[in-house]
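Visitor: Once you've had a glance at the structure underneath, I'll fire off some questions.
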Amino acid sequence: MNLKKLMFMKAASGGNAPTPIAFAYKLSSYTSGTGSGDSRRDQIENGNGPYAAGYGTSQTDLPIRNATGDGETYYPILLNGASKIYFDVPDNIKVTVFFVNTQEEDTTYNCAKWVGGDKNAYDSTVTNGPREVAVPEGADAFTFTLYYRSNTVTDEIASAVTITAT
């Protein structure tokens, strides 16, 4: 167990136990916060092997924008009141996070409005490995991206990721 995991477990032991969060993923895709003004949105896009997009398993009031061209509807992952989320990923994987409000609509694409998060699917300020992220005010859901520099994110890697919330 690495130091980040130990610190998270220590912090979590003082309050509510961490709650596991279910998610689905799409290989060779990524999510991002994009747009400006009233048209800030979270969207899923086609990527390549080093990326995988994480999204919700349950329908929400508003989906995220689908820019993949596959005709599917993708939903963000509900936070259910969580104030922090923890991603347990391998040390060589970067996870970036994009928060939305499923009750507020992006004015251009009829999808959930972006609230905050990382700069992009490969944010150089985000370190590889397990990560704890504070939920910004106004967010009720999120998506995320896995990035494996110069390698391919496989089903085995993506399915081994766990997310918990406190």
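The values are calculated or read from the model by the stated rules, or taken from the named source; none is laboratory data. Computed from a prediction, not measured in an experiment: that's the story for all the values here. Neighbour counts run over all protein chains shown; Cβ positions are idealised from the backbone, glycine included.
Visitor: Filter the strands (runs of 3 or more DSSP E) completely within the stretch 1-77 down to those with at least 3 residues that are more than 17 Å from residue 160 (Cα to Cα) and at pLDDT 95 or above.
Guide: 29-34, 41-46, 65-67
Visitor: Would a scan of the stretch 126-133 turn up a residue that is farther than 16 Å from residue 92 by Cβ and among the polar types (S, T, N, Q)? Outline the logic, then answer.
Guide: Restricting attention to the stretch 126-133, the residues satisfying the condition of being farther than 16 Å from residue 92 by Cβ are 132-133.
From the residues that got through so far, the ones that are among the polar types (S, T, N, Q) too are none.
Within the stretch 126-133 (the criterion being farther than 16 Å from residue 92 by Cβ and among the polar types (S, T, N, Q)), the answer is no, since none of the residues qualifies.
Visitor: Output the number of residues of the stretch 104-145 satisfying the condition of being in a loop (DSSP other than H, G, I, E, B) and either without any contact (Cβ under 8 Å) to a residue 12 or more places away in the chain or not polar (S, T, N, Q) (or both).
Guide: Counting residues in the stretch 104-145 that are in a loop (DSSP other than H, G, I, E, B) and either without any contact (Cβ under 8 Å) to a residue 12 or more places away in the chain or not polar (S, T, N, Q) (or both) gives 19.
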